[in-house]
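Here the structure comes first, spelled out in structure tokens, and everything after it is commentary.
A short reminder: the numbers here are calculations on the coordinates, not readings from a lab. As the structure is a prediction and not an experimental result, all values here were calculated from the model. All Cβ positions, even for glycine, are placed from backbone atoms using ideal geometry, and neighbour counts span all protein chains on display.
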Amino acid sequence: MMTEKKHVILTGDRPTGKLHIGHYVGSLKNRVALQNTGKYDTYIMIADQQALTDNARDPEKIRHSLHQVALDYLAVGIDPKKSTILVQSQIPALSELTMHYLNLVTVSRLKRNPTVKTEIKQKKFGESVPAGFFIYPVSQAADITAFKADTVPVGDDQEPMLEQTREIVRTFNRIYQQDILVEPEGVFPPKGEGRIPGLDGNAKMSKSLGNCIYLSDDADTIQKKVMSMYTDPTHIKVSDPGHVEGNTVFTYLDIFDPDKEHVAKLKEQYQAGGLGDVKIKRHLNEVLQAVLEPIRKRREEYAANLDYVDQILTEGSAKANRVANQTLKEVRDAIGINYFD
Ligand code: TRP
């Protein structure tokens with residue numbers, strides 16, 4: 001009997017700080033669910049080298065964040081027995097693959113990448129865009145193809161990276177007349193669920209905006225943050241009719257409260273007038289505490305045992321090296337530069 005080849009997942013995050021509940025709903029939850037189907041070989045990458053492309057002068061931040069992100073992964077249920085967690089900088093084959101792929105991509109094509117364009121503006125690089133940052137979509141193509149990943153669960157903003165990867169795969173396979181590399185498909189969060197607003201009502205939850213609830217926040221911090229949340233500025237007295245659209249507390253309840261009927265009732269009451277902000281915030285606090293407490297507990301257990309975390313990362317990276325080196329060998333063979341083998 002033929003054994004069916006497993007699908008392969010590769011995804012990851014830049015370690016530039018702790019992960020927050022936006023990461024959780026936008027991708028982490030999805031990854032854990034996919035991992036637990038047992039249908040995939042799953043690789044989760046801590047993309048420290050990509051993080052360095054715009055943090056080269058602050059490597060300490062990246063070094064520190066490496067453990068933070070690893071702890072967040074383990075805390076949400078990424079299971080090292082089921083998934084391989086790897087550290088990008090420990091896989092030299094990725095850098096060499098990037099060099100080979102750079103020859104297949106034009107500068108003008110890279111300039112058109114919408115995600116990179118937006119980031120260049122956001123980061124205020126002006127004319128001083130680090131070359132490594134500019135080409136990171138190519139290095140991301142190396143990340144994905146090194147593992148022959150066909151499935152890449154990511155946020156919506158990563159679609160251009162996948163398109164770039166598919167182009168590189170097609171160009172490579174055409175030029176070298178090989179079928180070595182695999183075209184990946186993205187798996188995106190369900191519509192409306194991929195992004196949660198910040199505590200202040202800003203469309204994006206982000207560290208730089210200071211509007212996050214972190215997976216590692218303690219119970220008191222979560223409560224304080226919830227009680228300070230943006231609601232409906234026109235809802236002044238309890239008896240005033242309130243708005244639920246654009247009201248961050250209700251957006252969070254829609255995402256996190258498993259009791260949808262109850263949420264519907266609260267919305268009705270709020271819109272009619274007579275339901276106070278403090279009351280719904282208390283309810284949201286309970287809902288969030290229930291979601292985050294087990295995550296925080298597990299995080300604390302791993303944090304008390306960083307040697308074990310390092311072992312997970314070392315073993316994950318060792319396995320990743322075996323797989324990526326094999327792909328690199330095939331790529332070098334295809335190009336014809338394995339002169340002395
Ligand atoms: N660009 C991703 C981010 O911003 C991180 C990343 C690096 C990644 N390599 C990847 C994601 C490969 C998916 C696949 O978080």
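The table below gives the values:
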{"item": "Exposed chymotrypsin sites (Phe, Trp or Tyr not before Pro) absent - longest run of the chain, DSSP non-H/G/I/E/B, at most 15 other C-beta within 10 Å", "result": "126-338"}
{"item": "Given charges at Cβ of Lys, Arg, Asp, Glu: the range 223-274 dipole, positive-most of Gln269, Phe256, Tyr230", "result": "Tyr230"}
{"item": "Cα→Cβ-extended label distance, 7 Å offset, between Gln122 and Glu286, nm", "result": "3.6 nm"}
{"item": "Axial C-alpha extent at least 30 Å, average Kyte-Doolittle at least 1.6 - helices from the chain (DSSP)", "result": "none"}
{"item": "Residue-wise HN-Hα coupling along the range 45-50, computed from phi with Karplus coefficients 6.51, -1.76, 1.60 (Hz; x: Gly, Pro)", "result": "10, 8, 8, 5, 5, 5"}
{"item": "Pairs beyond 21 Å (Cα-Cα), from Lys18/Lys260; Lys29/Lys82; Lys207/Lys279; Lys29/Lys148", "result": "Lys18/Lys260; Lys207/Lys279; Lys29/Lys148"}
{"item": "DSSP loop GluC sites (Glu not before Pro) with at most 16 other Cβ within 10 Å: longest gap in the chain", "result": "5-126"}
{"item": "Percentage relative contact order, the chain, counting C-alpha pairs under 8 Å, at least six apart", "result": "22 percent"}
{"item": "Low-density loop cleavage sites - trypsin sites (Lys or Arg not before Pro) in the range 175-281, where at most 10 other Cβ are within 10 Å (DSSP)", "result": "Lys191, Lys237"}
{"item": "Shape call, the range 1-65: gyration tensor on alpha carbons, a/c limit 1.5", "result": "oblate"}
{"item": "Amide N of the range 55-82 lying under 18 Å from the label point, which is placed 7 angstrom from the Cα of Glu193 along Cα→Cβ", "result": "76-78"}
{"item": "Listed residues Gly126, Gly22, Gly77, most fluctuating in the chain (Gaussian network, C-alpha, under 10 Å)", "result": "Gly126"}
{"item": "Whole-Hz couplings from phi, Karplus 6.51/-1.76/1.60, listed for the range 5-15; x for Gly and Pro", "result": "6, 6, 5, 10, 9, 10, 7, x, 9, 7, x"}
{"item": "C-alpha center-to-center spacing [the range 59-108, the range 272-308] in angstrom", "result": "29 Å"}
{"item": "Gyration tensor (alpha-carbon) shape descriptor, the range 127-275, a/c threshold 1.5", "result": "prolate"}
{"item": "Long-range HN-HN contacts of Thr42 with modeled amide H, under 5 Å", "result": "Ile9, Thr84"}
{"item": "Sum of side-chain charges, Gly274 neighbourhood, beta-carbon under 15 Å (Lys, Arg +1; Asp, Glu -1)", "result": "0"}
{"item": "Distance in nm between pseudo-label sites at Glu300 and Ile335 (7 Å out along the Cβ direction from Cα)", "result": "5.0 nm"}
{"item": "Model label zone, Ala219; criterion: amide N under 17 Å from point 7 Å along Cα-to-beta-carbon; scope the range 276-306", "result": "282-301"}
{"item": "R0 of 56 Å, Cβ-Cβ distance Thr314-Ser228: FRET efficiency to nearest 0.05", "result": "0.85"}
{"item": "Linear extension gain, Met99 paired with Ala131, 0.36 nm per residue minus alpha-carbon span", "result": "10.2 nm"}
{"item": "Percent of Cα-Cα distances greater than 25 Å, calculated over the range 1-125", "result": "36 percent"}
{"item": "Whether the range 55-187 is rounded, prolate or oblate, judged on the alpha carbon gyration tensor where a/c under 1.5 counts as rounded", "result": "oblate"}
{"item": "For Thr151, residues with placed amide H under 5 Å, excluding near neighbours", "result": "Val8, Leu10, Glu185"}
{"item": "Inter-label distance, nm, simple model (7 Å from Cα along the C-beta direction), Lys6/His262", "result": "3.8 nm"}
{"item": "Amide H contacts under 5 Å for Lys204, placed H, 5+ residues apart", "result": "Gly198"}
